[in-house]
1. Within region 122-159, which residues are loosely packed, with under 15 Cβ neighbours inside 10 Å, part of a helix (DSSP H, G or I) and among the basic types (Lys, Arg)?
2. Between a residue in region 201-218 that is closer than 14 Å to LYS263 by Cα and of a type in the set (Gly, Ala, Ser) and any residue that is modelled with pLDDT of 80 or more and part of a helix (DSSP H, G or I), which pairs come within a Cβ distance under 6 Å, given they are 6 or more apart or on different chains?
3. For residues that are surrounded by 13 or more Cβ atoms within 10 Å (Cβ to Cβ) and free of Cβ contacts under 8 Å to residues at least 40 places away in the same chain, tally how many sit in region 271-300.
4. Of VAL318, VAL314, VAL324, which residue is of a type in the set (A, V, I, L, M) and over 21 Å from ASP363 (Cβ atoms)?
5. Can you pull out every residue in region 250-297 that is part of a loop (DSSP other than H, G, I, E, B) and either under 30 Å from GLY320 (Cβ atoms) or of a type in the set (Val, Ile, Thr) (or both)?
6. With (1) at pLDDT below 85; (2) of a type outside the set (D, E, K, R); (3) over 23 Å from LEU154 (Cα atoms); (4) touching a Gly at 6+ places or on another chain (Cβ under 7 Å) as the list, and GLY192 as the residue in question, which single condition is left unmet?
7. Are any residues in region 237-246 surrounded by fewer than 23 Cβ atoms within 10 Å (Cβ to Cβ) and either over 21 Å from the mean Cα position of the chain (by Cα) or part of a strand (DSSP E or B) (or both), and if so, which ones?
Amino acid sequence: MAQTTEPSAEDTPVAPEQQVEIEPVAPDTAIKRRIESILTATGWYTNLSAAVDEGVVFLDGSAGSGAHRTWARDLAQKTSGVVAVVNRITVDDGPVWSLTPALTELERLAEKSVTVLPLLLLAVLVLPLAWYVASFVSKLARWLLQDRIQSPFLRQVVSRAIAFPVFLLGLYIVLQVAGLTQLALSLVGGAGVIGIVIGFAFRDIAENFLSSLILSVRRPFQRGDFISVAGLSGTVKSMTTRSTLLTSVEGNEIHIPNSTVFKNVIENFTSSPNRRGEFVVGIGYDAGIADAQSIILDALNAHDAVLAEPEPMVLVDVLGASTVNIRTYYWFNGHMISPIKLKSALLRAVKSALTVEGISMPDEAREVIFPQGVRVLEGRNEDALPQTTAQPDRPVAEPTSSEGEGDLLSDELPVDTDAQEPAPADLLDNR
């Protein structure tokens, strides 16, 4: 236990604060006995001794801190009959490691725990009650908003936002009764800091949640719509706080994060019933282009799945190497008709009509090279060769749809199988 003497200004002799009396007020022995009894009663000093000579007090011993050393000097100065004080008390630094403060704090916490125990029981009763009341308010809000908000997902978010203050009110009552208002303010301040940290850590989750709210409000698509987002296409099955679930035409489930859906271009194929299709047909340069356009247009108008309004268009597109390419545009009901099946049926009908009318559809021109040359047979009697005058059969008109194309109904309808689970109640349902 090291003892050190503080070389401070207290050891520097200074003039007395009061006048020095010619006749002492109290004898030196009485002053010594009084100062020693007071300092000993505090229990702050060890090896304490006080000596008084002609009103001058000499203090010796050790103290636990500099504040205790200064207090002893001030006490001696204020004692009646003291002329001056010589403070020779040293400061004891004490051990570096000590469990005494920790044990003292634990004892204090144990005493407070016993006092707070009734308040804890109150909290156990009030907080569950506030939770159940908040749940009841949430259900009531969902029922009242059923006709005002069509989306169940958005309706649930709004109902929970309404019920949350009810639970906060119960928590505030508990803290107020317990006298922990300052603790509540500290928790609120800490929650702000923690919220910032959590916001950075779970940025993607928060971004997807906010995107789902905005998509629910704007409603760019509904359940059952066939959409294309970020190069992925399928029928909308549901939406959660994290992702949008699509069912592709192959029957596969596609989960797209809501932030991706919100940031990318959304192509909704079923928002409007009318859809446009197109295909290209190449005819020979010897054929009449106007005649071919008229034949293709008649074939389109003869098909029941092609809409009369808007009218189909048959336009010359490109003058190719060996063909004149004619691009055809037509409209159909995208809710009912499959675009790929209808295109197949129309190509068959156009090809059949052009063939019947004698419109040639040559293949692309190709250059054929014979590195070894071509042998020519000479002296052969061509009269000996059998002469055939077979006439090609005249093609017949194609039916509206074939067995391979089926009934032309759309394949973009939602895929409902027994293996699929029912959608949760909190998923998007805008219908």
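The values are calculated or read from the model by the stated rules, or taken from the named source; none is laboratory data. Fair warning: this is a prediction, and the values are worked out from it, not measured in the lab. All Cβ positions, glycine included, derive from the backbone under ideal geometry; neighbour counts span all protein chains shown. Please note that ligands, DNA and RNA were not included when accessible areas were found on the heavy atoms of the full protein model with its side chains. Shrake-Rupley method; radii C 1.70, N 1.55, O 1.52, S 1.80 Å.
1. LYS139
2. From residues that are closer than 14 Å to LYS263 by Cα and of a type in the set (Gly, Ala, Ser), the pairs are SER211/ASN258; SER211/SER259; SER211/PHE262; SER212/ASN258.
3. Total satisfying the criteria: 4.
4. On the way: VAL318 fails: over 21 Å from ASP363 (Cβ atoms); VAL324 fails: over 21 Å from ASP363 (Cβ atoms).
Matching residue, one of VAL318, VAL314, VAL324: VAL314.
5. Step one: filter region 250-297 for residues part of a loop (DSSP other than H, G, I, E, B), giving 250-252, 264-265, 269-273, 284-288.
Of everything in region 250-297, those that are part of a loop (DSSP other than H, G, I, E, B) and either under 30 Å from GLY320 (Cβ atoms) or of a type in the set (Val, Ile, Thr) (or both) turn out to be VAL265, THR270, GLY284, TYR285, ASP286, ALA287, GLY288.
6. Evaluating GLY192 over (1) at pLDDT below 85; (2) of a type outside the set (D, E, K, R); (3) over 23 Å from LEU154 (Cα atoms); (4) touching a Gly at 6+ places or on another chain (Cβ under 7 Å) leaves (4) as the failure.
7. First, the residues of region 237-246 that are surrounded by fewer than 23 Cβ atoms within 10 Å (Cβ to Cβ): 237-238, 240-243, 245.
Within region 237-246, LYS237, SER238, SER243, LEU245 meet the criteria.
Yes/no matrix, rows are residues, columns are (1) small (Gly, Ala, Ser); (2) within 27 Å of THR328 (Cα to Cα):
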| site | (1), (2) |
| --- | --- |
| ARG223 | no, no |
| ALA230 | yes, no |
| SER233 | yes, yes |
| GLU250 | no, no |
| GLU253 | no, no |
| THR260 | no, no |
| PRO273 | no, yes |
| GLY284 | yes, yes |
